[in-house]
Amino acid sequence: MQKKVLFCATVDYHFKAFHLPYLKWFKEQGWEVHVAACGDMELPHVDRKYNIPIQRSPFNKRNIMAYKELKTIIENNQYKIIHCHTPMGGILTRLAARKARKGGTKVLYTAHGFHFCKGAPFRNWILYYPIERFFSRVTDCLLTINNEDFNLAKNHQFKAKVIKHVHGIGVNTDIYKSVDDAHKSNLRKDHGYFTHDFLMFYAAEFNRNKNQRLLIESLALIKDKVPNAKLLLAGDGPLLQECQELSLRLGVDGMIDFLGYRNDIDIILKMSDIAVASSLREGLPVNIMEAMASGLPVIASINRGHSELVQNDSNGYVLSPNNSQHFALRLLEMYQSKELCRRMGLVSENKMKKYSLSRVGLELKEIYSSYMVEDANETQSKHSRAYI
């Protein structure tokens with residue numbers, strides 16, 4: 001009988017964005033691959049996909065239906081491994097898989113950044129900490145993607161059988177890589193920018209956490225000193241219009257390009273000078289890793305994810321998310337020194353080697369393989385006992 005693996009998350013786009021290489025790897029090992037998430041997106045390397053109504057809010061009543069559907073799916077398919085992601089995807093899946101675990105199914109959960117962390121609102125600790133700690137009891141392997149979360153899970157004695165730290169979900173360094181000045185100049189010409197423009201890039205949804213307001217206010221403080229600055233903001237979201245109105249009030253609307261949703265982030269990074277990031281909370285941000293792999297220095301707000309990737313005076317700066325003046329001063333410093341940008345960008349690119357798709361792939365495949373071997377050993381042990 002062909003072995004089956006189930007991947008679960010709140011929305012199916014999560015798998016398209018982050019996990020296709022691992023779905024493919026399981027197929028190459030001869031496993032049947034199933035995915036359960038909200039959405040009807042077609043995914044490659046998947047034998048069966050379930051559209052279930054998981055909602056991000058823990059208080060949404062549709063999650064009750066999602067739990068029941070997940071429970072039925074798990075009990076009907078006899079999965080050997082289940083790997084769940086995202087807070088609600090992780091909670092509902094582990095809850096639904098309790099009976100399956102007693103039958104030998106191994107349940108893995110990747111925490112893509114605990115909502116409770118140093119500096120997080122007290123309400124996050126009240127709500128999310130006890131939930132994550134409780135559900136760690138029904139987790140065979142808890143995967144964390146930054147050191148702060150790993151240490152938190154260890155120090156707070158989360159009860160998962162195994163707690164591992166992996167370097168994110170992997171960055172494709174064949175796509176995200178630096179280019180020479182001539183290539184950069186040609187890309188700019190193709191996209192309507194000048195060689196002498198100072199391009200700052202940030203890709204993120206427009207919401208409170210991503211805090212684009214900080215970047216707009218910082219740009220306004222240096223607009224007269226850096227007239228050729230361009231802030232490129234990719235993404236959509238509920239606060240897009242508010243940010244556009246803010247840029248108009250501060251007189252920098254002509255210096256900001258609101259790019260909307262883009263599928264050419266790698267090209268935009270290659271033609272940029274620096275990456276900026278202003279979010280209040282991050283686990284291990286893919287947008288920053290892609291920028292670093294592209295050879296860019298980074299000016300970012302202080303949070304556990306940014307601080308894991310960016311070191312002051314090495315490959316950039318991490319600053320208060322509430323001080324636009326300090327942010328503006330660092331932007332001006334980068335603008336005034338191409339040599340500083342070049343040096344820090346080189347450090348960024350070198351640092352990304354351990355976060356590359358190939359390196360992280362080896363880490364995850366080693367973890368997956370340990371449960372495949374464990375399953376094989378258990379089967380062999382049962383056969384041995386049968387002959388006694």
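Annotations
- Residue list for the stretch 250-284, filter: in a helix (DSSP H, G or I) and over 25 Å from Glu339 (Cα atoms): Asp253, Gly254
- Scanning the stretch 266-300 for residues that are closer than 25 Å to Asn151 by Cβ, surrounded by 24 or more Cβ atoms within 10 Å (Cβ to Cβ) and among the small types (Gly, Ala, Ser) yields Ala277, Ser279, Ala300.
- Within the stretch 50-62, residues that are among the basic types (Lys, Arg) have Cβ atoms under 7 Å from residues that are surrounded by 13 or more Cβ atoms within 10 Å (Cβ to Cβ) and assigned to a loop (DSSP other than H, G, I, E, B) in these pairs: Arg62/Pro53; Arg62/Gln55, counting only partners at least 6 apart in sequence or on another chain.
- Any hit, the stretch 222-245, residues being of a type outside the set (Ser, Thr, Tyr), in the same structural domain as Leu309 (by TED's automatic domain parsing), part of a loop (DSSP other than H, G, I, E, B) and within 20 Å of Leu296 (Cα to Cα): yes
- Test: residue in the stretch 39-57 that is among the polar types (S, T, N, Q) and part of a helix (DSSP H, G or I): no
- For first residues located in the stretch 63-87 and outside any strand (DSSP E or B), partners that are buried (at least 20 other Cβ atoms within 10 Å of the Cβ) and acidic (Asp, Glu) and lie 6+ apart or on another chain with Cβ distances below 9 Å form the pairs Pro87/Glu132.
- Meets criteria (of a type in the set (Gly, Ala, Ser), closer than 26 Å to Gly305 by Cβ and in contact with a helix residue (DSSP H, G or I) (Cβ under 6 Å, 6 or more places away or on another chain)) for Ala203: yes
- Considering only residues in the stretch 101-131 that are modelled with pLDDT of 95 or more and of a type in the set (S, T, N, Q), the one that is surrounded by the most Cβ atoms within 10 Å (Cβ to Cβ) turns out to be Thr110.
- Boolean, Ser218 is of a type in the set (Gly, Ala, Ser), touching a residue at least 40 places away in the same chain (Cβ under 8 Å), within 28 Å of His115 (Cβ to Cβ) and assigned to a helix (DSSP H, G or I): yes
- Among residues of the stretch 307-343, those that are surrounded by 20 or more Cβ atoms within 10 Å (Cβ to Cβ), without any contact (Cβ under 8 Å) to a residue 40 or more places away in the chain and in a loop (DSSP other than H, G, I, E, B), counted: 2
- Meets criteria (in the same structural domain as Gln78 (by TED's automatic domain parsing), out of contact with any Cys (no Cβ under 8 Å at 6 or more places or on another chain), modelled with pLDDT of 85 or more and not polar (S, T, N, Q)) for Glu148: no
- Criterion applied to Glu32, Glu28 was being surrounded by fewer than 21 Cβ atoms within 10 Å (Cβ to Cβ), in the same structural domain as Met372 (by TED's automatic domain parsing) and without any contact (Cβ under 8 Å) to a residue 12 or more places away in the chain, and the one residue passing it is Glu28.
The values are calculated or read from the model by the stated rules, or taken from the named source; none is laboratory data. Owing to the predicted nature of the structure, the values given are computational and were not obtained by experimental measurement. As a convention, Cβ positions derive from the backbone with ideal geometry for all residues, glycine included, and neighbour counts pool all protein chains shown.
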